[in-house]
Amino acid sequence: MSAPPLPGYRHIYSGKIRDLYRPEGSDDRLLVVASDRISAYDHVLDTPIPDKGRILTAMSLWWFEQLADLMPNHVVSTDVPAAVTGRAVLVERLEMVPVECIARGYLTGSGLAEYRERGSVCGIPLPDGLQDGSRLPEPLFTPTTKAAMGEHDESVDFAYVVDVVGAELAERVRTLTLEAYARGEAIARERGIILADTKFEFGVRPDGSVVLADEVLTPDSSRFWPRDQWQPGRAQPSFDKQFVRDWLASPESGWDRSSDEPPPPLPDGIVERTRRRYVEAYERLTGDTFAQQVS
Ligand SMILES: N#Cc1c(N)ncnc1-c1cnn(CCN2CCOCC2)c1
């Protein structure tokens, strides 16, 4: 699903999963459009997951509301072109903070690798004996650079953030990151989902206020684990992507993950079961029914 042409909007950027447009004649608004694309093993798959863009857009909007008493956000309107209805949001154009603001409540992925090498994550020392999936003594602010498309973000320490954006803004985004994560983790936990870690992006308004931007607390910006299967000491199953990962790693796919070959198309059954996991995550978190659009 490539970025669709939208009359009245100029396409300005394509990420792995989402696309950015600017409304013609406006310099203070952007349109963020979520596709049905899904990534796995660092590849964007050829097979879309129907409704994924709509489900994650609805989930992000719901999270913005859950966090609205803690911080302002960039959402302006969901009155968007019919071609992208339900999977696009009109937002304030902000001066983006050039750092990925990551909160970790659990140790895994690159954080675990750094811990095993140095006993710390982003320069923050951690106790001995932590395993893959261990809950951290307290959530950590573990920022990274914003790498160019196709490159990997690099972990940085808080001093780097201070150097890049100044002490006041660095403190502010760290505080907001940890507050938003704590709120999200508590809400998700009550509903059977562990939010192991998440990535926020912030922007700054002309008046200097710091605003929550991008998407928030979705399975694309966070690790979602089923709480009832949490077991430190091993890789945790992904709430949303495990069917895809397991099939791609199975002999049935015929794919060699270590090769340079792109992954094969997904079977219909894997697509449908994955779609249902996104719907389940949305309905568990919000308590609402996801209304599939009849296009
Ligand atoms: N959100 C937002 C936002 C904003 N409100 N104001 C100015 N710039 C941005 C912006 C520009 N790029 N990105 C990186 C993430 N993108 C999100 C959309 O999809 C593509 C990737 C954020």
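With n ≥ 4 as the cut-off for DSSP H runs, can you work out [θ] at 222 nm for the chain, using -39500 (n - 2.57) per run divided by the number of residues, rounded to the nearest 500? Walk me through the intermediate numbers first.
Working: 6 runs with 85 residues, N = 295.
Counting only the DSSP helices, I get -9500 deg cm²/dmol.
Run through all the Cα pairs of segment 167-240 and give the fraction in each 5 Å bin from 0, expressed as whole percent.
Result returned by the calculation: 3, 15, 23, 20, 15, 10, 7, 4, 1, 0.
Report the full-extension gain for the segment residue 128 to residue 153: residue separation times 0.36 nm, less the Cα-Cα distance, to one decimal in nm.
On the way: separation 25, 0.36 × 25 = 9.00 nm, distance 2.61 nm.
Between residue 128 and residue 153, full extension yields an extra 6.4 nm.
Just need log10 I(q)/I(0) for the chain at q = 0.10, 0.14, 0.15 Å⁻¹, Debye formula, equal scatterers on the alpha-carbon atoms, no solvent, rounded to two decimals.
For the requested q values the scattering log ratios are -0.55, -1.15, -1.33.
Amide H of residue 36: which non-local residues (sequence gap of 5 or more, or other chain) have their own amide H closer than 5 Å, using H built in the peptide plane?
Those lying under 5 Å, H to H, from residue 36 are 53.
Report the full-extension gain for the segment residue 11 to residue 260: residue separation times 0.36 nm, less the Cα-Cα distance, to one decimal in nm.
Values: separation 249, 0.36 × 249 = 89.64 nm, distance 2.97 nm.
Length difference between fully extended and current span is 86.7 nm.
Given a Förster distance of 22 Å, report the FRET efficiency between residue 85 and residue 279 from their Cβ-Cβ distance, rounded to the nearest 0.05.
Details: r = 18 Å, r/R0 = 0.82.
That pair, residue 85 with residue 279, gives E of 0.75.
At a 1.4 Å probe radius, which order do 59, 96, 149 fall into by accessible area, largest first?
Numbers: 59 0, 96 75, 149 115 Å².
Ranking 59, 96, 149 by accessible area, largest first, yields 149, 96, 59.
Just to be sure I understand the model, the point goes 7 Å from the Cα along the line to the Cβ. What's the resulting residue 175 to residue 113 distance in nm?
Distance between label points: 3.4 nm.
Note down the net charge around residue 280, summing +1 for each Lys or Arg and -1 for each Asp or Glu among other residues with Cβ under 12 Å from its Cβ. Numbers along the way, then the final one.
Details: positive: 191, 273, 275, 276, 277, 284; negative: 240, 283.
So the surrounding residues net to +4.
If exposed GluC sites (Glu not before Pro) are those in a DSSP loop with at most 10 other Cβ within 10 Å, what is the longest stretch of the chain that has none?
Values: sites that count: 24, 151.
By the stated rule (loop sites, at most 10 other Cβ atoms within 10 Å), 152-295.
Be a star and scan segment 204-235 for residues whose amide nitrogen sits under 16 Å from the point 7 Å along the Cα-to-Cβ vector of residue 191.
Only 216-228 fall inside the zone, counting backbone N under 16 Å.
Tell me which of 165, 111, 243 sits at the most positive position along the dipole axis of segment 104-256, charges placed on C-beta atoms (Lys, Arg +1; Asp, Glu -1).
243
Out of 230, 211, 291, whose Cα points farthest toward the positive end of the dipole of the chain (charges: +1 Lys, Arg; -1 Asp, Glu; placed on Cβ)?
Result: 291.
The values are calculated or read from the model by the stated rules, or taken from the named source; none is laboratory data. From a predicted model like this one, the values you see are computed outputs, not experimental measurements. Note: ideal-geometry Cβ built from the backbone for every residue, glycine included; neighbour counts use all protein chains shown. Just so you know, the surface numbers come from the protein's heavy atoms only, side chains and all, with ligands and any DNA or RNA stripped out. Shrake-Rupley method; radii C 1.70, N 1.55, O 1.52, S 1.80 Å.
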